[in-house]
Amino acid sequence: MAISEQEVRKVALLARLEVDEEEVRSLAHHFDSILEHFGKLNELDLDNIDPFVMDETQTPLREDRAEKWELREDALNEASHRDGDFFRVPRIVSEEG
Amino acid sequence: MSLLFTPVIGLEIHVQLATASKIFCSCSTDYIGAVPNTNVCPLCLGLPGTLPVLNAKAVEYGVRASLALNCTVRNATRFHRKNYFYPDLPKAYQISQYDLPLAEHGFINITSEDGTLRPIGITRLHLEEDAGKLVHGTSDGRLTGASQSFVDYNRGGVPLAEIVSEPDLRTPAEARQYVSVIRQLVRYLGVSDGDMEKGSLRVDANISVKCSDGRWGERAEIKNMNSLKALERALEYEIKRHIKMLSEGKIIIQETRHWNDSQGITISSRSKEEAHDYRYFPEPDLPPLVLPDGYVKEQLDKLPELPWDRKRRFKDTYGLSEQDSATLTENRDMADFYENCLISGGSPERTANWLRTEVLRVLNENKMELKDFPISSHIIAEMIVMMDNRKLSNTAAKEVFEHMIENSSDLHSAMSLCDISAGGIAGDQLRDLVSKILEQNNDVVRVIRSGEDLNGKKQKYLKGLVMRETRGQADPSEVSWILASLLENN
Amino acid sequence: MDFYRLSAHEICRKVKSGEITARETIESSLERINSLEKGLNALITRVDERALEKADRVDRMLSAGEDPGLLAGVPVVIKDNMCVQGIRTTCASRILGDWKPPFTATVVAELEKEGAIVLGKANMDEFAMGSSTEHSAFGPCSNPWDPDRVPGGSSGGSAASVAAGYAPISLGSDTGGSIRQPAAFCGTCGLKPTYGLVSRWGLVAFASSLDQIGPFARSIEDIALTLQVISKPDPRDSTCNPSKRPDYQSVLDQSSLKEKKVGIVKEFMDYDIDPEVREALEKTIEVARSEGAEIVELSLPVMVRYGLATYYIIAPAEASSNLARYDGVRYGISSEEEDLMDMYLKIRGDGFGEEVKRRILTGTYVLSSGYYDAYYLTAQKVRQIMTSEFKEAFSRVDTIIMPTAPTPAFRKGELLDDPIQMYMADVFTLPINMAGLPGLSLNAGYSRKGLPLGVQLIGPKWGEMQLLAAASVLERSFGPSLIAGGDQ
Ligand SMILES: [Mg+2]
Ligand SMILES: [Zn+2]
């Protein structure tokens, strides 16, 4: 199964990774060999296999009690673009999301 | 040959659940008016190394809402990650539910325009986390940067129940009614304050229009409707738009549109990027949610009487009118208040009247909630009982009531301050008073006795004088009765 | 004195008896680090001052008659993907910049509660993706036995630190072999516990359903001690088993392999592995037999043939999601881009190294619409088969012995241009993560070139007790791991 450089660019955009032309070429090459490897899985008969087991463990539940975290200043200070009480990002034009 | 168009509407409602803490961390959910980024912790800021732990109350509220929506609750369910990049989503994925939602296959009745009940299918109810809030450059002064937006994660992680309806709704009015029923329900259950203006209940609409010639327009998703009115207007606008397109033979494309309330139009929100690909997969940080044996039954037993059941019971048991039952069961506090009055001895009809007129008026005038109302159900009931026993007239009661509202005083000091005595003026005392009035108005009495008061106007005038003299403390029917008997005798 | 040569047990005992002070221990470690670190590059961040302060605190506690705990004065090195409040945590990536977490990983908090003293944060492959500790934004780490060779990875710095005598114990994380393979390459013991035994709170996630924290040490005794301390239930990790843990140290002296069944995997016996690794494996099997174990041949065909492909779908899929949060908004490196999309592309394009990008893209691809069923879902199904294959195997045997890695430590740069070949280095370890089982790598001697040779023991789920028992029996024959650095 071959993967085109166009597809690599598409996936890179979906993953928000800037890749240059050389990376695109080498990634396409890498994908080709790894997908060939993945193709082996089709040899197996998986018709009646449940992909996710539901009965092994179960999630614990936490009591609904609000607590204050005291270090928000430290957290805000880690931001490269702190603006007062806010984290600043480039202006978002479209209203989607 | 004119074409017929049928709108097909389905709604997705996001309801914020009224838990104290967020769905996966212990931060407070009380974000309205909070300083930005104060209700945050390493988890809801998406810091590396953090892990979610599910809030038991969010599950409880979700199950309760599901049961009230007649859904089948799944005993074993799981969470998925919905992956997309956006600054209000600190992990770049939303923990939500996907293939195994908490509940499915429910319905809720709305009342059609012709008065009949119509079931609207509920596809599913699932739990998920809310996103943070983006603030765009405003006139705030400080936030004026033209090229910047600002993120506040206080809301991020607040638990949401997403309720998805079947495309069963046909008109904007029905959609509005459906939302108000859901809103009433979640408030009754105490699982959400259901406030659309505050954003604790948010509605997205999917709408398409079917044409009688077999054509079917693509569906549009409409967002950003912040009130019932906005919902109705947006749907009306959108239906007209679809019909116009179909009539002109144009193709409707599937897209997301935003309602602009001030302009009264929907606007296509073109995304410049590629279409979303959420890459859902099971959240590996949370094992399946397995409800213990008996959990669902326990929640079912805990359900309060639902508004429509309560309305029917008010009609059947207390003999109230359709309108009164509806008004009194509109919210749970009022219905409880009403029934508490009855427990304290108030008669069903007079209590209903009193609450519907006086109490509701005061609440509306003062934009007050019942829980802040200064007079207890017990005192209201005491007044009603006095009225029932003809010891307090309606007029006197109103005076006392106003006094209590204004001065927050108790019933008895209010009565004495208004110079109104419990028991009022009745019997011999009233008879003497009427006699005195008759003596003072001999000329009128004569006219009546001579049979010239054909339409009873003069007798009414006398009654008014008596009532004024008693300052409302006499029972009007007793006054009429005494008046009549004194005028006849002699 | 060379206190750095002591085991955790010995340090704790001597510090508590007053024979040595915690400060002396730490000073000895720091000296050792000073003399070797330039060549090894095992640490990304050192915290000498903090360590000495903590040591003084332990000493003060002792003079006040208080008990500093099970690891009083014991130096430890922490892989740089575990958060320690106020100490830079990088995951060996550029993208996190100088991020200082405002909270501490549960495992580190537990160690410190018992008097252990953190010396620094260990070098690793970026975001734990790699098998050589060459994929580090802070430069490659060297193997203490041969500086031209890799220490293995991704917990290479943690393994090298223990092998070189920086500390008697260290913590690593293991997603597909990242503790066991470097333990084998550096000649130490390394344990990857059962998934859910050790809390992951504060561990920067690579692949959440596979990641597990575990200890490195030069003896099984120290492994058991460290495991005891770090393996408590933790309500902050929903995948962490809430039951009480057994006393792991209780099984070490009385253990033997009599009446035990030890499994060997038929398919791996004729796998393409280095002859000296094979010799070490055969020697281990012989020791087990002579200790009374019955050797049982097992067949695990699905795991052998499909393990690698399954892993390289599931791990990148989870990673692509776990690593999506690095956008430069709340922490890490910054960008001056004025467009949101440009900001994402720039931060992530510049911040992540090549191997991390490869895996994020692979993961994004296998989860994307149209490919999810063919790759991700299929891999999950195969994972279930592998899990049942192991379950069945453990109904027949108590422990499985197999190689840790196909070869001893390879040369730096040797596999850098061949990612697939690099992935093959984990072929024996990653199925264990897929099935959530405990695995331990033990040093079984040295090659003629003087390179350590590891063997791997696998236990059933929650089978740490029998795993440690078996390992301690073998260790009696092999002797404890040696300290590298030419002074044996
Ligand atoms: Mg949703
Ligand atoms: Zn939080």
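Every number in this text was worked out from the coordinates using simple rules, so none of it is lab data. Not measured: the values here are computed from a predicted model. Counting neighbours? That spans all protein chains shown, and the Cβs are built from the backbone with ideal geometry, glycine included.
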*Starting from the Cα of C:ALA64, move 7 Å in the Cα-to-Cβ direction to define the label point; list residues of the stretch C:101-115 whose amide nitrogen is under 18 Å from there.*
C:112-115
_Inter-site label distance for A:ARG65 and C:LYS38 at 7 Å from Cα along Cβ, in nm_ = 5.5 nm
*Mind listing which GluC sites (Glu not before Pro) in the stretch C:248-305 are in a DSSP loop and have 12 or fewer other Cβ atoms within 10 Å?*
C:GLU259
*Please give the contour-minus-distance gain from B:MET368 to B:SER269: 0.36 nm per residue of separation, less the Cα-Cα distance, rounded to one decimal in nm.*
31.8 nm
*Work out Dmax and Rg for the stretch B:305-417 from the C-alpha atoms and quote the Rg first, both in angstrom.*
13.6, 42
_Straight-distance crosslink candidates among lysines, where the alpha carbon sits under 28 Å from B:LYS210 and sequence neighbours closer than 8 are dropped_ = B:LYS223, B:LYS229, B:LYS240, B:LYS244, B:LYS250
*Given a Förster radius of 56 Å and the C-beta distance between C:MET269 and B:ALA326 as r, what FRET efficiency does 1/(1 + (r/R0)^6) yield to the nearest 0.05?*
0.10
_With angles folded into 0 to 90 degrees, how steeply does helix B:172-189 sit against the dominant principal axis of chain B? Use alpha carbons for both and round to 10._
80 degrees
_Among the listed pairs C:LYS14/C:LYS261; C:LYS79/C:LYS357; C:LYS38/C:LYS412; C:LYS232/C:LYS461; C:LYS261/C:LYS449; B:LYS57/B:LYS371, those beyond 27 Å (Cα-Cα)_ = C:LYS14/C:LYS261; C:LYS261/C:LYS449
_Students often get this wrong: which residues of the stretch B:210-229 have the backbone nitrogen under 13 Å from the point 7 angstrom along Cα-to-C-beta of B:ARG170?_
B:210
_Electrostatic dipole magnitude of chain B [Cβ: Lys, Arg +1; Asp, Glu -1; Cα centre; debye, to 20]_ = 820 debye
*Taking only Cα atoms, what is the 0 to 90° angle, nearest 10, from helix B:228-247's long axis to the longest principal axis of chain B?*
50 degrees
*asked:* Modelling each spin label as a point 7 Å along the Cα-to-Cβ direction, I'd like the C:GLU279/C:GLU294 distance in nm, to one decimal.
replied: 3.2 nm
*Leaving out same-chain residues fewer than 8 places away, which aspartates and glutamates sit with a Cα under 12 Å from that of B:LYS463?*
B:ASP475, B:GLU478
_7 Å from Cα along Cα→Cβ at both C:GLN254 and B:ARG446: what's the point-to-point distance in nm?_
12.5 nm
*At a Förster radius of 30 Å, what calculated FRET efficiency corresponds to the Cβ-Cβ distance of C:ARG305 and C:ARG411, to the nearest 0.05?*
0.60
*Could you compute the FRET efficiency for B:LEU4 and A:LYS40, with r as their C-beta to C-beta distance and R0 at 45 Å, rounded to 0.05?*
0.20
*asked:* From Cα pairs below 8 angstrom and at least 6 apart in sequence, can you work out the relative contact order of chain C, rounded to a whole percent?
replied: 18 percent
*Counting Lys and Arg as +1 and Asp and Glu as -1, each charge on the Cβ, what is the dipole of the stretch C:274-399 about the Cα centre in debye, to the nearest 20?*
400 debye
*asked:* When 1/r is averaged over all different Cα pairs and the result inverted, which Kirkwood radius in Å belongs to chain B?
replied: 27.1 Å
*Projected onto the charge dipole of the stretch C:1-73 (+1 at Lys/Arg Cβ, -1 at Asp/Glu Cβ, origin at the Cα centre), which of C:LEU43, C:THR25, C:CYS12 gives the Cα projection farthest towards the positive end?*
C:LEU43
*Compute the label zone of C:SER17 within the stretch C:244-277: residues whose backbone N is under 20 Å from the point 7 Å along Cα-to-Cβ.*
C:253
*For helix B:394-407, report the angle its Cα long axis makes with the longest principal axis of the Cα atoms of chain B; keep it between 0 and 90° and round to the nearest 10°.*
50 degrees
*asked:* When only alpha-carbon atoms are used, what values of Rg and Dmax, in angstrom, describe chain A?
replied: 22.8, 58
*Taking K and R as +1 and D and E as -1, what net charge do the other residues with C-beta under 12 Å from the C-beta of B:GLY427 add up to?*
-1
_Farthest positive-ward along the protein assembly as shown dipole, Cα basis, beta-carbon charges - from C:GLY202, B:HIS126, B:CYS25_ = B:HIS126
*Largest first and to the nearest Å, give the Cα extent of the protein assembly as shown along each principal axis.*
140, 85, 61
*Step through the residues of the stretch B:371-385 one at a time and calculate ³J(HN,Hα) from phi using the Karplus curve (6.51 cos²θ - 1.76 cosθ + 1.60, θ = phi - 60°), rounding each to whole Hz and writing x for Gly and Pro.*
5, 9, 5, x, 10, 6, 4, 5, 6, 4, 4, 4, 4, 4, 4
*Helical contribution to [θ] at 222 nm, DSSP H n ≥ 4, -39,500 (n - 2.57), averaged over chain C, rounded to 500*: -12000 deg cm²/dmol
*Determine the distance separating the Cα centre of the stretch B:66-82 from the Cα centre of the stretch B:275-299; give it in Å without decimals.*
8 Å
*Which value, in debye to the nearest 20, gives the size of the charge dipole of the protein assembly as shown about its Cα centre, when Lys and Arg are +1 and Asp and Glu are -1 at the Cβ?*
1340 debye
*asked:* Show me, bin by bin at 10 Å from 0, the whole-percent P(r) of the stretch B:427-489 based on Cα pairs.
replied: 22, 61, 16, 0
*Sparse-neighbourhood loop sites, trypsin sites (Lys or Arg not before Pro) in the stretch C:249-331 - DSSP loop, at most 12 other Cβ within 10 angstrom*: C:LYS258
